[in-house]
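What follows is a single structure, written as structure tokens, with notes after it.
The values are calculated or read from the model by the stated rules, or taken from the named source; none is laboratory data. It should be emphasised that the depicted structure is a prediction, and the values quoted were computed from it without experimental measurement. We place every Cβ from the backbone using ideal geometry, glycine too, and count neighbours over all the protein chains shown.
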Amino acid sequence: MKDKKYIIFDFDGTIADTVPVVLTLIVELAKEVGYDKKITAEDLEWVREHELKDIPHRFGIPFIKVPYLLLKVRDMLNKQMFSVPPCRGILETLKTLKAKGFKLAVLSSNRRDTIQEFIVKHKLASFFDFVHSELNIFGKDKALLSLLRQYKMPIVESIYVGDEMRDIEACKKIKLDCISAGWGLNSAKALKEYGAQWIVTKPQEIVDLLNK
């Protein structure tokens, strides 16, 4: 890990503790499309063990409505971001990584102004060298390549930190090293079974891993 100079963080679920809000929105939107069964704690735990693409089938959501619902989740999440806290321990970890000389970036499908408001409110802005917003909700591998090229980050010197199975898949496509964060949307167990390179269960472990 001594060759790494750039760390790219996913925003939702890795920096911002959006998971409780996202799970609540899933319940609301399932009702909106006519899912008339009660969504239980077991259903929400199921979400943490599966890919986003599996959710529509679980809750009877027609595939044709998926793009609309994903956009709606993003818009509703943007509106509720003022009440979302940072993930526990992330501030201290960012501070430590910055002090060690790493260049830090954040990647998100949220609007750039939403991200900026969040990181300023929670005193995280000074830690990030780059804030990159890709509003396209599909193709995270393309978003990562766009960020790497725009800010001239060599892939071999960069590493991504994300909390979902699709982060693992995207990084494999472009041969970017990936640390999976087990405190986000997908559980550590699910990330391991999906083939994560490295898994951390709390932010401080990122520092420990990069010291090796």
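The table below lists the values:
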read-out	value
Top-ranked residue of the stretch 17-34 - restricted to ones that are touching a Leu at 6+ places or on another chain (Cβ under 9 Å) and not in a helix (DSSP H, G or I), ranked as nearest to Ser187 (Cα to Cα)	Thr18
Condition check for Asp3: in a loop (DSSP other than H, G, I, E, B) and under 28 Å from Leu147 (Cα atoms)	yes
Yes/no for Tyr151 being under 26 Å from Leu71 (Cβ atoms) and modelled with pLDDT of 95 or more	no
Of the criteria (1) closer than 27 Å to Glu51 by Cβ; (2) modelled with pLDDT of 95 or more; (3) surrounded by 18 or more Cβ atoms within 10 Å (Cβ to Cβ); (4) touching a strand residue (DSSP E or B) at 6+ places or on another chain (Cβ under 8 Å), which one Trp183 fails	(4)
In the stretch 83-110, the residues that are in a strand (DSSP E or B) and among the hydroxyl-bearing types (Ser, Thr, Tyr)	Ser108
Candidates Ala196, Ala190, filtered to the one that is in contact (Cβ under 8 Å) with a residue 40 or more places away in the chain and closer than 30 Å to Leu44 by Cβ	Ala190
Exclusive hit being surrounded by 15 or more Cβ atoms within 10 Å (Cβ to Cβ), free of Cβ contacts under 8 Å to residues at least 12 places away in the same chain, farther than 21 Å from Ala196 by Cα and of a type in the set (A, V, I, L, M), set Val21, Val84, Val66	Val66
Which listed residue, of Val156, Val200, Val131, Val207, is among the β-branched types (Val, Ile, Thr) and closer than 21 Å to Leu77 by Cβ	Val131
Only listed residue being in the same structural domain as Ile26 (by TED's automatic domain parsing) and modelled with pLDDT of 85 or more, chosen from Glu92, Glu51	Glu51
Matching residues in the stretch 133-147 - criterion: being without any contact (Cβ under 8 Å) to a residue 60 or more places away in the chain and either assigned to a helix (DSSP H, G or I) or surrounded by 16 or more Cβ atoms within 10 Å (Cβ to Cβ) (or both)	Ser133, Glu134, Lys140, Asp141, Lys142, Ala143, Leu145, Ser146
Candidates Ser146, Ser180, Ser126, filtered to the one that is under 30 Å from Lys79 (Cβ atoms) and within 13 Å of the chain's Cα centre (by Cα)	Ser180
Matching entry among Gly60, Gly13 (being without any contact (Cβ under 8 Å) to a residue 40 or more places away in the chain, on the phi > 0 side of the Ramachandran plot and either outside the structural domain of Glu169 (by TED's automatic domain parsing) or of a type outside the set (Phe, Trp, Tyr) (or both))	Gly60
Single unsatisfied condition, Asp54 versus (1) surrounded by 12 or more Cβ atoms within 10 Å (Cβ to Cβ); (2) among the charged types (D, E, K, R); (3) in contact (Cβ under 8 Å) with a residue 12 or more places away in the chain	(3)
Leu210 surrounded by fewer than 16 Cβ atoms within 10 Å (Cβ to Cβ), touching a Lys or Arg at 6+ places or on another chain (Cβ under 8 Å) and not polar (S, T, N, Q)	no
